[in-house]
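Written below as structure tokens is the structure these notes are about.
The values are calculated or read from the model by the stated rules, or taken from the named source; none is laboratory data. No experiment lies behind these values; they were computed from the predicted model shown. Here Cβ is always computed from backbone atoms with ideal geometry, including for glycine, and neighbour counts include all displayed protein chains.
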Amino acid sequence: MNGDTLSIIAGATTVTLQIALRPEFGRVLSSDGHGGTLLSLVAAPTVASRADFNAMIAAISVGGSLAQAGRSYRIDVTADFAVGGDLVLGAF
């Protein structure tokens, strides 16, 4: 996957698809466990509290459950909440 272009290779044949994602979706590439690549479309996570926000930052930081090198993240904030002090972001 390169930008919005997905190349599928089967032997000597390559099929290239252009994928137009809606802005609320992201993509995650991971191993399919059989030598291939699994492409998953995921909805942008939403947060409604400081605790939710902190948990999401931890999840997308290096070592977090949703972390992936070279990936951009979008987080939708659905309520007002105070950050309350310094905002400390993990390593990305």
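Number of residues in the range 7-43 that are outside any strand (DSSP E or B), at pLDDT 80 or above and not charged (D, E, K, R): the value is 6. Residue count for the range 45-70 under the criterion of being surrounded by 14 or more Cβ atoms within 10 Å (Cβ to Cβ) and not in a helix (DSSP H, G or I): the result is 7. Note on the range 29-84: residues that are touching a residue at least 40 places away in the same chain (Cβ under 8 Å) and of a type in the set (Phe, Trp, Tyr) total 1.
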